[in-house]
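One structure is given here, and the rest of the page talks about it.
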Amino acid sequence: MLDREGPVPVYKQVADLVRDQIERGELKAGDPVPSEAALEKHYDIARTTARRVARELREQGLAYTVQGEGTFVGPPGTPRSPKRMPVYQKIAEEVAERIRRGEIPPNRAIPGEKVMMHRYGVAKVTVRQAVGYLREQGWVFTVPYRGTYVNEPDKWPINKDS
């Protein structure tokens, strides 16, 4: 799909593919542009190349970036689509569901950072947010230099839907 040997830089090719999604209406004004991690994984590109994709879309006036939240379709100030659950919360919910079902029993480690980064196609910071969220809720505890482990059920959140 990408011509890695040709004269057009890979980041421009990926930006063109995202622009096509915008023009076809697959990505609408206010929608998030795929994250750097998602672009990295989907197109097998480096993080710096993915970063240049967002810059290229901004320079073309197709997207804008909100520090700490991501890049969104449209010119700056375009209202963002109604907030969906953040990725880190989705990851945390999936891990919590595995704990509920007994797939990861108490006092056993949850998957490590590298495993979760690969499984979910996200950056280390996103995995750390997910683990922090699980810790805040009481699902897990972390032992420095050892890992993060499932708490005893009496420490789990009372409202199992949280």
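Quick look at the values:
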{"item": "Residues satisfying the stated conditions in segment 40-75, i.e. of a type in the set (A, V, I, L, M), in contact (Cβ under 8 Å) with a residue 12 or more places away in the chain and within 15 Å of Pro9 (Cα to Cα)", "result": "Ile45, Ala50, Val53, Ala54, Leu57"}
{"item": "Some residue of segment 52-59 being under 30 Å from Tyr149 (Cα atoms), of a type in the set (D, E, K, R), open to solvent by 70 Å² or more (accessible area, probe 1.4 Å) and in a helix (DSSP H, G or I)", "result": "no"}
{"item": "Members of segment 120-161 found to be open to solvent by 50 Å² or more (accessible area, probe 1.4 Å) and assigned to a loop (DSSP other than H, G, I, E, B), listed by number", "result": "Pro144, Tyr145, Arg146, Glu152, Ile158, Asn159, Lys160, Asp161"}
{"item": "Any hit, segment 28-36, residues being within 16 Å of Glu69 (Cα to Cα) and not in a loop (DSSP other than H, G, I, E, B)", "result": "yes"}
{"item": "Criterion violated by Thr142 - all others in (1) within 22 Å of Ser35 (Cβ to Cβ); (2) in contact with a helix residue (DSSP H, G or I) (Cβ under 7 Å, 6 or more places away or on another chain) satisfied", "result": "(1)"}
{"item": "Any hit, segment 8-22, residues being open to solvent by 50 Å² or more (accessible area, probe 1.4 Å), modelled with pLDDT of 95 or more, in contact with a strand residue (DSSP E or B) (Cβ under 8 Å, 6 or more places away or on another chain) and not in a strand (DSSP E or B)", "result": "no"}
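The values are calculated or read from the model by the stated rules, or taken from the named source; none is laboratory data. These numbers come from a predicted model, not from an experiment. Methodologically, a virtual Cβ is constructed for each residue, glycine included, from the backbone with ideal geometry; neighbour enumeration extends over all protein chains shown. The accessibility values were calculated without ligands, DNA or RNA, using every heavy atom of the protein model including side chains. Shrake-Rupley method; radii C 1.70, N 1.55, O 1.52, S 1.80 Å.
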